[in-house]
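Chemist: Shown below is the structure under consideration.
Every read-out reported here was derived from the displayed coordinates using simple, explicitly stated rules and does not represent laboratory data. Note that the structure is predicted; figures quoted are calculated from it, not measured. In this analysis, Cβ positions are derived from the backbone assuming ideal geometry, glycine residues included, and neighbour counts consider all displayed protein chains.
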Amino acid sequence: MIKLQLLLRHPGTDPAIDAGLQAALEAVGLQVTGSGRATVSAQITPDAFAHLFGPTPDLSALPVPASVAGQISLITTAPQHCATTDPLKGKNAAL
């Protein structure tokens, strides 16, 4: 599964996303794994990812599907993290 982060166009006061947005995300192949007031975390299979975004998309800013563009302003791949003992980077640094 490929992990994605989605930025909501209109952050709300409730950390849960509404059922309509969740259904729209599922319709394009995204499985919501978490949400906050301004973001949604989701995952997608590699095949669905290639179908939705193309075989070699720019991973830093993926195209937002038209069906959710009114509610989502940005989609990116989630950064990978690793544990490290480097005191300058702490114990959970992005790769």
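Chemist: Which one of the conditions (1) over 14 Å from Thr76 (Cα atoms); (2) in contact with a strand residue (DSSP E or B) (Cβ under 9 Å, 6 or more places away or on another chain) does Leu4 fail to meet, given that it meets all the rest?
Modeler: (1)
Chemist: Also, I was wondering about something else. Of everything in region 17-36, what is in contact with a helix residue (DSSP H, G or I) (Cβ under 7 Å, 6 or more places away or on another chain) and more than 14 Å from Ser67 (Cα to Cα)? Give them in sequence order.
Modeler: Scanning region 17-36 gives a single hit, Val32.
Chemist: In a strand (DSSP E or B) and loosely packed, with under 14 Cβ neighbours inside 10 Å - does that describe any residue in region 32-51? Show your work before the answer.
Modeler: Initial filter on region 32-51 (in a strand (DSSP E or B)): 32-35, 39-44.
If we keep only those that are loosely packed, with under 14 Cβ neighbours inside 10 Å too, we end up with 33-34.
Checked against the condition, which is being in a strand (DSSP E or B) and loosely packed, with under 14 Cβ neighbours inside 10 Å, region 32-51 yields at least one hit.
Chemist: Now a separate question. How many residues does region 59-79 contain that are exposed (fewer than 14 other Cβ atoms within 10 Å of the Cβ) and in a helix (DSSP H, G or I)?
Modeler: 2
Chemist: Under 8 Å between Cβ atoms, at least 6 apart or on separate chains: pull out the pairs that start in region 64-76 with a residue that is farther than 14 Å from Glu26 by Cα and touching a residue at least 24 places away in the same chain (Cβ under 8 Å) and end on any residue that is among the small types (Gly, Ala, Ser) and outside any helix (DSSP H, G or I).
Modeler: Within 8 Å, the pairs are Leu74/Ala61; Ile75/Ala61; Thr76/Ser60; Thr76/Ala61.
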